[in-house]
Structures are given as C-alpha cells and as structure tokens.
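Let me begin by presenting the structure, written as structure tokens, before commenting on it.
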Amino acid sequence: MKRILLISAAALVMLTSCMTSAERAQQQAYRQAQVEQAVNSGRLTISIRSMHTQRYGTRQVTPDFHLTLRGDTVESYLPYFGQAWTAGYGSQAQGLNFTTRMLDVRRTRQKHGVNRVEFYAKSQEDVYYYAVDIYPTGHATIFVRARERDNISFDGDVDLQ
C-alpha cells in the first residue's frame, strides 16, 4: 500500500512539474481576469485565513470567517481579539459580526494592479473604517480601524466560484 502511494505521489509531482511556463502564465492570466471581474462587479467574498492583532500577534482562523461586499452592503463575519475601550450599556458584544450599508465608499487602483476598496461601516457597537486591498493573484488584505477598539487586520483569498 505504501509503495502505491509513493508511486502515485511521484507521478503527481512529475505531472505538475511538466507544466510549461506558457501554461502557468495562461493559468495566472485566467485567475487575474476572474479576480478583476469579481472586483468590477462589486460582488465578492473574501475567505479569511489569518488575523493580525496589535496585542496578541498573528493567529490562524477557521475557514468559516469571511467579508462579503455586495453593491453597497457589507457582511462582516470576522473574529476580533483586542481591547474595546467602551461597551454599550446592556448590549451583547458582537465584535465584527454584522451586515450593514457601506458609507463613503471609495474604489481605487493602486500600484501593481492592486484594487483598494475603502469604506465606513456602522454597527450597534462602533463605527469602523475598512480598507480592503485585493491583489491580482486573488490574495486580499483587510485593515479594520475602529473608534473604540484596537486595530486589526486579516489575510484571505477572494472566492472565485
């Protein structure tokens, strides 16, 4: 059994290494076109892989966390670790888990083909500034700054389905 697995793994490595540079370039161009289409449509979901906190360093997260942009609406389902300076009386902490309208949205093109989407979002607990950088490869970085909490950032990938 081990021998069959070893032979299968070796065959897989040989097949992937046989991909020509032209095929890799074609595959990369196709992915970039998909990412660009998702950004231009204003409808995209970013699956989160890790978060970077001011106080607790970098942490890997489970794959169910995401940020979804749909027209003028944001669905933020993100973990939060950090200090909150004030909390609303009688409210349950919801962190960065809410769906609301994006305010003051700006979409710009940065160097090296990076698309940036900046907006404000207001939840029951706080007002947040989001800056989402979307790279041509599909990688995304999300920076979140709040009025009453520590800053936090996230790394993830654009879902291309």
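The values are calculated or read from the model by the stated rules, or taken from the named source; none is laboratory data. A quick note: this is a predicted structure, and the numbers were derived from the prediction, not measured. When we count neighbours, we look across all protein chains shown, and the Cβ atoms used for this are built from the backbone with ideal geometry, even at glycine. The area values use the complete protein model at the heavy-atom level, side chains included, leaving out ligands, DNA and RNA. Shrake-Rupley method; radii C 1.70, N 1.55, O 1.52, S 1.80 Å.
Out of all the residues in segment 64-114, which are at pLDDT 90 or above and at positive phi?
Asp104
Sort out for me the strands (runs of 3 or more DSSP E) sitting completely within segment 29-82 that have 1 or more residues that are in contact (Cβ under 8 Å) with a residue 40 or more places away in the chain.
43-53, 66-70, 73-78
Considering only residues that are touching a Lys or Arg at 6+ places or on another chain (Cβ under 8 Å) and open to solvent by 30 Å² or more (accessible area, probe 1.4 Å), which ones fall in segment 18-51?
Matches in segment 18-51: Arg43 only.
Given the criteria among the aromatic types (Phe, Trp, Tyr), open to solvent by less than 20 Å² (accessible area, probe 1.4 Å) and within 11 Å of the chain's Cα centre (by Cα), does Phe143 qualify? Steps first, please.
Numbers: among the aromatic types (Phe, Trp, Tyr): yes; open to solvent by less than 20 Å² (accessible area, probe 1.4 Å): no; within 11 Å of the chain's Cα centre (by Cα): yes.
Here the answer is no, as Phe143 does not meet what is asked.
Could you check, for segment 69-81, whether at least one of its residues is in contact with a Leu (Cβ under 9 Å, 6 or more places away or on another chain), more than 19 Å from Ala121 (Cα to Cα), small (Gly, Ala, Ser) and surrounded by 16 or more Cβ atoms within 10 Å (Cβ to Cβ)?
For segment 69-81, residues in contact with a Leu (Cβ under 9 Å, 6 or more places away or on another chain), more than 19 Å from Ala121 (Cα to Cα), small (Gly, Ala, Ser) and surrounded by 16 or more Cβ atoms within 10 Å (Cβ to Cβ): absent.
What number of residues within segment 112-130 are open to solvent by less than 50 Å² (accessible area, probe 1.4 Å), more than 15 Å from the chain's Cα centre (by Cα) and charged (D, E, K, R)?
2
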